[in-house]
Every structure is written in C-alpha cells, then in structure tokens.
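Below is one structure, written out as structure tokens; comments come after it.
What follows draws every value from the coordinates through simple rules; no lab data is involved. Only a predicted model underlies this, so the values are computations on that prediction, with no experimental measurement involved. Glycine gets a Cβ as well: all are built from the backbone with ideal geometry, and neighbour counts include every protein chain shown.
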C-alpha cells in the first residue's frame, strides 16, 4: 500500500508543476501579445503565428522556450514597426537571448532592461533606437554579447559597462554617442571585440584599454578622439585589427605598436600624427593592410616596409614623405594596392615596382618624381589603375604600357612626357579613362586609338598634337568626354563626330581648325552638354538645328571668324548656362529671345557687329541667374536698359552662406569647369574657373547714351562694372554707393558731369577706378581707397580739383595771373612745410627730388617770385612806418 501512495504523491507534484509552468508561459505570451498590439504594422506576416489560440513555445515565430519559459526571442529582420519601450522586459525574466535587430524599432531603451538578469546575448542593431544607453545594463552580469550599432543612441557610454566582466563582444558603433571613453572599459578582461567607431566621442584613448589582453579587434575610428596613441596598446598581443582612423590623434606612432605581431590590419588614416614612420613596423610580418593616409608624416619611407611580405594594401598618401621610393617595395609580391600620392617623393620610379605582378592599383601622383616611366611597369598584367600625374616625369612613354590588358584608368597628365602617343595604346582594350593632357606630346593622334572601344573619357589637351581629328573616333560609340583643346590640330571638324551618340563634352578649343561648324552638331543636343570650339579659325554661320529638348549647358565659340545672325534655335536650349560668342563677326540686333533661357548665367557677346538698342524686356523671370554679361565692343545704341538691370536677381543678392569657393559647371572626373574671358581692372583675364561669387557687367565700347540708371545701385553683389567708351551723360548716380563689393569701376570716356559722389569713399573693396575723360568737376573725394588712385583715374576732367590731379581744392596762396608760376611756387612751399613738419633733412630731400625731376629753370622762377614778394612787403612796411611818423 505504501508504493501506490508514493506514486500518487509524485503524480500530484508533477501535475502541480505542469500547472505552474503552463500558467507562467501564458503570462509571458500575454505580455508579448500586448507588445505586438502596439506595432504599427499589425498585418506583419512573419508574426501572424502570434495568437492567443496557439502555443507560444511551439508555434510562435522566433520564440524558443526552456522548461515552458521563454528564453530566446529572435525576430531579426521581421519588419517590426514599434516602440522598444513597450517591450515587456519585466515579464520575461528567463530570457537569455534577444535579437530584435534590423527592424524599425524606435524610442529609448527602458531602464527596466536591467531586469533581464539571465541575459547572455543582446542584439538591437540597425533600428532607430534613440536616447542613452541606460546604466542599468551594467547589472546584466551574464551578458557576453552586445550589438547596438547603427542606431540613434546618444549621451555618453555608461561606466557601469565595466561590470560586465563576461562580455566578449561590444559593438556600439555608428550612433551619436559623445563624451570620453570610460576607463572602466579596461575592466572587461574577457573582451575580444570592441567597436565604438563612427560616433562623436572625444578626449583621449584611455590607457586602460591596454589591459584587454584578449582583444582581437579594436575599432575607435571616425570620432573626435585626440591626444596620442597610448603606448599600452602594445600589450594587446592578440590584436589582429586596429582601426583608429579619422580622429584628431597627434604625436608619433609609438614603437610599442611593433609588438603587435598578430596584427593583420592597421588603419591610422586622416589624423594629425607626425614624425617619421617607425622602421619597426617592418616587424609586423602578418600585416596585410597598412593605411597611414593624410597625416603629417615626414622623412623617408623606411626600407623595412619591404619586409611585410603579406602586405596587400599599402596606403601612405597625402603626407610629407620625401626621398626616393625604396626599391625594397619590390619584395611585396602580394601587394594589390600601392598609394603614395601627394607626398614629396623624388628621384625616379624604381624598376622593381614592375615586379609587383599582383598590383591592381598604382598611384604615385602629385610628387616630385623624375626620370622616365620604367618599361617594367608593362609587366603589371593585373593593373586596373595607373596614376602618375603631377610629377616631373619626362622622356617617351614606353610602348610596354600597351601590355596592360586589364588597365581601365590611365592618369599621366601634368608631366613633361614627349614624343608621339604610343600606338601600342591601341591594345588597351579595357581602357575607359585616358588622361594625357598637359604634357609635350607631338605628332598625330594615332589611329590605333579607334581600337579602344570601351573608352569613355579622353583628355589630350595642352600638348603639341598635330594633324587632323581622326575620322575613326566615331567607332568609339561609348565615348562621353573628348577634350583635345590647346593643341595644333588642323583641317575641318569631321561631320562624323555627330555620330558619337554618347558624347557629353566636346572641347576642341585653341587649335587651328578651319572650315564651318558641321550643321549636324545642332542635332546632338539630346546628349551634348558642353560644346567648346573657341579660338580656332572657324567661319560661316552657326548651325540652325538646335532642337527642343536640348541638354546643352555650355556653348563657347569665342574668337573665331563666325558671321551672320545668332540662330534663334538656341532658344530651344533651355539648360544653357554659359553662352560665349564673343570675338566673332556676328551681325545682328540684341537677341531679345534670350529671355527664354531661364538658366543663363554667363552671356558674352563681346567684340562683334551687334547693333541697335536693347528694347524693354517683357519676361519678368528672364535673366534671373545671369551673373556675367559682356556686350562690350559692339555698336549698341540708345539708353541703357533699366528693365534689364531690374531683372538681374543673381546680382541683387549676396550669398552669405557660401563658406568654400564654388564654381560654375559640374564637379567630378567626368565633368567640367567652365571658363570665360573678362575685362576687369583695366586688363583682360581668362578665368579658368568661374566663381559663383564673381558678378560683372561690361557694356563698354558701344554707343549707349542717356543717363546711368540709378537702378544699377540695386545690384549689390556686383564686383565689376564697366560702362566706359560710350556717350553717357548726366551725373554719376549716388546709388552706386550701395555696390559694397565692387572692386573695379570704369566710367571713363563718356560725357558725365557733376561731382564725384562723396559716398563712393565708403567702398573699401574698390581697387580700380577710372573716371577719366568726362566732364566731371568739383573736389575729388578723399580717404579710404581714393587715396590709392593715381592721376590717370581722373585725367581729362578739367573741372576736377584735389591733390590727386595736382589741383588743390584749398590753396595757401591766392590765385596768381601766371598759373604755371603759381603752381611751381605752391609746390615749393608744400616741400618747405613738409620739411618743417618732418625735419629739415626730409624737407631738403624732397626739394632735391623735385629738382632732380625736371629743368632747373622752374626753381629760378620760384626764387624770382619770392624776391618780388619780399621787395613788395619791404615797400609796404616802409610806407606804413612813414605814415606813422607823419
């Protein structure tokens, strides 16, 4: 009877246990269902199994139980849109594993996360979680893994993390954390992977990190950390990856880094580290990646770098390294990338670089390398990029470069290379970008170029290439950019060039091309953005075939022999920003239809045969973007167009937001900076790049008449104003005082009258002023920039007075009959007074200079005048004494 009783008691306890477990699981399930009810996407297909009627431990997606309790929740990438704060942390005390990553969770991490005391694994990465990391997380003593990266967390890293002594992985990179790295991090002796990169952490790297002897990965990059690299990092002998790049670290690379013999990747790029590169880095024989780009390293590249036989990437660019490239780099036969650009390296390129047959990227640009290009570079069969630009390389380009069958990009520009372009380049069948400009290449463009069917960008400008443009270029159907400007090309532009249906930029300027512009070029508007054929010998009329939908942005045909009318079909080029037709023979009136070009920024029609008046403009939105207008050296007549000035919106506002220079055109390797020739400060300049801040009006050398409109004063962003050599009358408007940025003002050779406005003195940027040859009168304003202008700024205005034109507005002598003698006398007394005020020596010196500058007869006349005055005063004194005696 005893056995059945015992068995019954066991059954009862088992039943009681099952009842309790079932109840606990139900409570946890209800908590999770309540959390699900807060989701913004209730129709989430992955969580459709979460229902009251199903078994949470058996049927629910992502839920795993142990002994009837939820101990694992894994719903990563389930597209949950909800609030993390609503998660039932307090109701799931048996959770050991939580993965909520790659969802759309937002809100803060609640402090009651500290209730999950059994938690071993926590993954919240790639959500929108914000707020601080709660310090209560430090109570999760069993925690081994934390992934919180790629969120919006802010605040500082809680020092309580130092309590998590079992933690092996801490990834909280790519957040908005700030403050210093707590020294308590050094207590995490089990830590193997630590990544705090891409935050806003500041302060120095705590030396306590050197206590993490198990650390294999350390990422502190892309923060604002400063100070030096702690020498204690040399203790991390298990470290394989050290990423400290993109901070504000300074000082030397500590020698102790060379103790990290397990290191495979070392990245210190974009800091302020200085001194020489330690030769002891050559001890890191397991290193496969070394990046010291953009620091302040100086001295030579240590030859010991050649010991790093496992190195695949060596990046030392943008420092101040000097001396030759070590020949020992030829030992790095595993190297795939070698970047030494933007240093001060000199001497020749070592022949041994040609031994690096695994090399894909070779960049030695912007140094002081000289000598010829080694023929051994032709052995680099895997080379994708060859960049040697901006050096002092000379001699012929070796034909062996034609063996680089994998080459996609060739940058050889800005050197002193000579001879013809090698015909062997025609074997580079994978070449897409070819930059050979600014060298001394001669002879013809080789016809083998036409074999390069993958070419997209060709820069051959500023050489001495001769002959004609190869007809066969039309075979390169993918060609996007063709720049052959500043050479000695002759003959006509081949009409077949119109068949290049991918061409975006065509620059043939500054050659000796002749003939007419092919009419078919107008049909290229669907893809051609830049057409520059300036400074050639082209004649005839412009194409009439510019069609609707044209994407043409820049058209520069200046300095040719083109004639006829400006084609009205240009009105179809709605994207046109730059239009330069200057220095031709166009015979037309002002094309009023220009007002239909809403994006026009630069308009130069200078030095043509344009005539007539500029009529009132009707379109309120026209010329809003115009910032350079040059109509000089034509035959325009009538009054200056007030309506034109009123519409120049870009000249009426000053951009206060621009902190770095910006230029017209598009930036990038495949794009283009625009250029234009302008007159300013009495001289002509070619602007290679057009600053968005440079705004100028040049209407000089026409036949404009009438008054200068006061509305010009509204163009407050104007830098240059030239209205010279016209027939303008009336006063200089005082509204010009509003031109606070004007640097050059030329109103010479007109019929202006009245006084120079005193308000112009306040224009402190004004460095060039020419008011000569008008009918101005009165006193020349004094002070500020006006004190720097010479007589030639005012000559030819007989009514002007003031020191600058040697006519004082107030004189110490009354007017004399002989004006010439009076001026000499006045000059003499000025010198004498100067001597009295500044010392006898200076005064005598000034008189000596005055004597040495001309004929001495004038001095005799001065003394004659003085003698006459003395005699007259003596006679007057004698007469007055005689009267007193009487």
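Got a sec? Which residues in segment 521-554 would a label at residue 496 touch, if it sits 7 Å along Cα→Cβ and we count backbone N under 16 Å?
none
Need the full-extension length gain, residue 734 to residue 189, defined as separation in residues times 0.36 nm minus the C-alpha distance. One decimal, nm.
In short, 188.4 nm is gained.
Along the three principal axes, how long is segment 449-583 when you take its alpha carbons, biggest first, rounded to the nearest angstrom?
Cα spread of segment 449-583 along its principal axes, largest to smallest: 39, 28, 21 Å.
What order do you get for 168, 700, 45 when you list them from fewest to most C-beta neighbours inside 10 Å?
Fewest-to-most ranking of 168, 700, 45: 45, 168, 700.
Roughly how many nanometres apart are two label points built 7 Å out from the Cα toward the Cβ at residue 587 and residue 519?
2.1 nm
Under 1.5 on a/c is rounded, so check that first for segment 533-651, then, if it is not, pick prolate when a/b is larger than b/c and oblate when it is not; a ≥ b ≥ c are the square roots of the alpha carbon gyration tensor eigenvalues.
Verdict is oblate for segment 533-651.
Please give the length that would be gained between residue 779 and residue 280 if that part of the chain were fully extended, namely 0.36 nm times their separation in residues minus their C-alpha to C-alpha distance (nm, one decimal).
172.1 nm
Dividing the convex hull volume of the Cα atoms of segment 413-486 by its residue count, what figure in Å³ per residue is obtained?
75 Å³
What does the C-alpha gyration tensor say about the overall shape of segment 43-153? Classify as rounded when a/c is under 1.5, otherwise prolate if a/b is larger than b/c, or oblate.
The shape class here is oblate.
Subtract the Cα-Cα distance of residue 545 and residue 166 from 0.36 nm times their separation in residues, and report this length gain in nm to one decimal.
128.8 nm
Expressed as a rounded percentage, what relative contact order does the chain have, with Cα pairs under 8 Å and six or more residues apart?
So the answer I get is 3 percent.
For a Förster distance of 22 Å, can you work out the FRET efficiency between the beta-carbons of residue 250 and residue 156, rounded to the nearest 0.05?
0.45
With just the Cα atoms defining each centre, how far is segment 380-406 from segment 180-236? Give it in Å.
Between the Cα centres of segment 380-406 and segment 180-236 lies a distance of 42 Å.
Mind checking the log10 I(q)/I(0) for segment 711-784 at q = 0.13, 0.15 Å⁻¹? Debye, one equal scatterer per Cα, no solvent, two decimals.
Summing over Cα pairs of segment 711-784 leads to -0.33, -0.45.
Over the C-alpha atoms of segment 108-191, what are the Rg and the largest Cα-to-Cα span, Dmax, in Å?
11.6, 30
Give me the percent of DSSP beta bridges within the chain that run antiparallel, rounded to the nearest 5.
Percentage antiparallel, nearest 5: 10.
Computed FRET efficiency, Cβ-Cβ of residue 351 and residue 442, R0 41 Å: what is it to the nearest 0.05?
E between residue 351 and residue 442, to the nearest 0.05, is 0.95.
Under the classification rounded if a/c is under 1.5, otherwise prolate if a/b is larger than b/c and oblate if not, where does the chain fall, given a ≥ b ≥ c as square roots of the Cα gyration tensor eigenvalues?
prolate
With everything on Cα atoms, drop me the angle between helix 2-36 and the longest principal axis of the chain, reported from 0 to 90° to the nearest 10.
10 degrees
Which of 399, 604, 328 has the fewest other C-beta atoms within 10 Å, and how do the rest follow up to the most?
399, 328, 604
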